[in-house]
Every structure is written in structure tokens, then in C-alpha cells.
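A quick write-up on the structure given underneath.
The values are calculated or read from the model by the stated rules, or taken from the named source; none is laboratory data. Predicted, not measured: the structure shown is a model, and the values here were computed from it. When we count neighbours, we look across all protein chains shown, and the Cβ atoms used for this are built from the backbone with ideal geometry, even at glycine.
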Amino acid sequence: MVTSVTAQRTPFLFRPLVLDDRSIRLDKTGHLPGDPEVRRRLEGVVAAFAAGYGAGLASGRGPLEPDAPTAPGTAPAPAGVPAALAGFAYEGAAMSRALLDVLTGTRGRRVAGLLEGPGRRHFHLVHVGIGWAYSRLRLRPWSGVPGARGLPRWLAWDGWGFHQAYVRPGPVFYEHRVERGARGPAMPVRDQGAGRALWFHTCADPETVGRVIAGFPPHRRGDLWSGVGLAAAYTGVRPPDVLASLLRIAEGHRADLAQGAAFAAKARVLAGEVPGDVRDAIETLCSASPATAAKWTDIAHDEAADHGDSLEDYQYWRTLVRREWRRHDGGLVRREWRRHDGGGGQW
């Protein structure tokens, strides 16, 4: 929970923004019960996010205070956060710093400072955290955000969607409401973020995930499965046998699951921290090692970036990751892959 020390370290003017992690706990935000051990681990993710949020708020534009020296090639975790959860802490730090940047008109300098330091190894999660901030402020990250560049900046819409689904699971998952600001080209990315939140909402239960997604219109299911794949792989809270059932339940959306898991692989490999349970999850969902799956995203990124860095190019990136998975998995590409592929789980 938030402590007096956290509040005291935060500049006085910003103390109203201090986050009590009890307010975002799974049992406080309308999420479903489930396996106690899985619930405990997911609550650890929430706590890491809250710790990073507080560290970002307290440290201003400076680096986050590391907990301990880290091995070469790894990003330091903020104080009190296990190395395996460091990405979630940087996501939280990005949210608080983006909030400060918007509220103080500093044109992204605080976020840029995070990306220029150790946070560059967690740049996927940093961009997602930016989306949390814009969603909390009821603003749309439509044209990206100051300090964020290239295709990854569109991950802000993923974070935006995660926030909406996490804090309002009923309207998002059971009434299928879409916020007015996300109706349009950004909706597939918003839905990917909602899919990530669904993994938390269901306490990582494949049967419940499948039932919830089956209630959505068919054209939205691929993006939701993509988000589920990303969350399932990055958190690593379920063993291979449970993830095998997730693959079975996903039926025709294995490519979407793999696309999401491949981006989780890239984020983990870049950070230099691939715990054993995360490795097992990636290998199950991608049928490939984390390094191989991460490479798919690199190949796809380079090809998509040749076209530009628009939202359309970002979605083309996701399409190309699915193509790389199909090639690896031994499947036949039965039609020409075009830029305007209409698949549901674009990246």
C-alpha cells in the first residue's frame, strides 16, 4: 500500500496524485475470483505497477532508484520490486510521469527521461503506461504523445484500452461498450489492451476467457485473443498444461495468441529478464523460444517501418508477426499478405 514515506518523497504539489495500491487491487475493481496462487501472483503485478507509479511521481525527471545492482544487460528494477516484475513498475512510472507531463505542460520531458535511461529496456511497457495516463485524464492518445516515436508509440492505445477494461470490467466485457474516443481505426489496438486486462479479470482462467470472448462480435475476437496471449506470456502465471487448454479454446485464433506472445517475448528479451515460467509460456503459445519469437517482431517491425509509422503501419506490424509465426509453425500462407490484411489480431 502507499506509505507516508512515499507521500513524503513526492513533491507537495503532486501529492494529490499519489496512488494507494489498495484502490487498484483485483478484489477492489470488480474482477473474478480464481486460483489463490494465481491471484496472489497477479496481485504482485498490481503492486509492482503501483510501486513504479509512486517512484515515477517522487523522482520527477530523474532515474528510478534501483533496488540493487543488476547483471550486465538487464534493466534495474525500482526499489522494492523483484526483477521479474520490473516491466510492470516501469509501466506504472510511465503513467505517473505522463500525467505530470500533461498536467504541467512539459511536452513529454519526464517520459523522455524515462526512455533515455534504464526504461529504454522496457520501452514497450513505458508506452503502455503512457496510455494509462491519457485514459485516466479522459484524453485520446490519437497522434501519439510527445517524446514517443516510431511504431511503438501506438502501444499507448493498448494501455488506454487496458485501463478502461481494468477499471470498468462490466461495461467493457459484458456489455461490449466501446468508448466514443476509441470508435474507429484505434479500436483494434484498444481491444488488444482490453484482452490483456481480461487475463487479469478472469484470474487467468482459460475457460472463462473463452466464454467472455465468445460473447463479442466475431470481428473483435482476434484482437482480444492477441491481448490475452501477450498477458499470458508476459506474466507467466500459468503452466504449459493450462496454456495448452488456452490454445484449444482459442480455436481459430492461435495466430493472434502467438502474435501477442511474441511481443511479450520481445519485451522480456530486451529487458534481459526471461524467468523460467515466462519462457515456458512463450514456448507453449509460440512453439518457439523467446529469442526466436522476439526475432519475428524485429523482422516484422523493419518491414512495416519501411512504410511509415502511422496507426495503419502499426497494425501492419502485427499482421507481419502473425505471418512470421505461420512460417515458423509450418503452416502454409494461403494468400498473398498485403498491407491491408483484415485479420482481427493485428499488431
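Please identify the pairs in which a residue from segment 32-53 that is part of a helix (DSSP H, G or I) has its Cβ atom under 6 Å from the Cβ atom of a residue that is of a type in the set (Phe, Trp, Tyr), counting only partners at least 6 apart or on another chain. Short answer, once both residue conditions are applied: 42/200; 45/88; 48/88; 49/88; 52/90. Among the residues of segment 204-228, those identified as assigned to a helix (DSSP H, G or I) and under 20 Å from residue 37 (Cβ atoms) are 206, 207, 208, 209, 228.
Determine if segment 197-206 includes at least one residue that is surrounded by 24 or more Cβ atoms within 10 Å (Cβ to Cβ), under 23 Å from residue 304 (Cβ atoms) and out of contact with any Pro (no Cβ under 8 Å at 6 or more places or on another chain). No, segment 197-206 has no match at all.
Taken as a whole, segment 225-234 holds at least one residue that is farther than 16 Å from residue 253 by Cα and touching a Gly at 6+ places or on another chain (Cβ under 9 Å).
Beta carbons closer than 7 Å, at least 6 apart along the sequence or on distinct chains, pair a first residue in segment 207-236 that is surrounded by fewer than 24 Cβ atoms within 10 Å (Cβ to Cβ) with a second that is assigned to a loop (DSSP other than H, G, I, E, B) and not polar (S, T, N, Q) for 208/32; 216/176; 219/344; 220/344; 221/344; 236/275.
Given segment 82-140, what helices (runs of 4 or more DSSP H) lie entirely inside it while holding 3 or more residues that are among the aliphatic types (A, V, I, L, M) and under 16 Å from the mean Cα position of the chain (by Cα)? Quick ask: steps written out before the conclusion?
Values: elements: 86-104, 109-116, 123-136.
In segment 82-140, 86-104, 123-136 are the helices (runs of 4 or more DSSP H) which contain 3 or more residues that are among the aliphatic types (A, V, I, L, M) and under 16 Å from the mean Cα position of the chain (by Cα).
Condition check ((1) in contact with a helix residue (DSSP H, G or I) (Cβ under 9 Å, 6 or more places away or on another chain); (2) closer than 23 Å to residue 172 by Cα; (3) at pLDDT 85 or above; (4) surrounded by fewer than 21 Cβ atoms within 10 Å (Cβ to Cβ)) across all residues:
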| residue | (1), (2), (3), (4) |
| --- | --- |
| 11 | yes, no, no, yes |
| 17 | yes, no, no, yes |
| 22 | yes, yes, no, yes |
| 26 | yes, yes, no, yes |
| 41 | yes, no, yes, yes |
| 48 | yes, no, yes, no |
| 51 | yes, no, yes, no |
| 75 | yes, no, no, no |
| 80 | yes, no, no, yes |
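Number of residues in segment 168-195 that are crowded, with 16+ Cβ neighbours inside 10 Å, in a helix (DSSP H, G or I) and in contact (Cβ under 8 Å) with a residue 60 or more places away in the chain equals 6.
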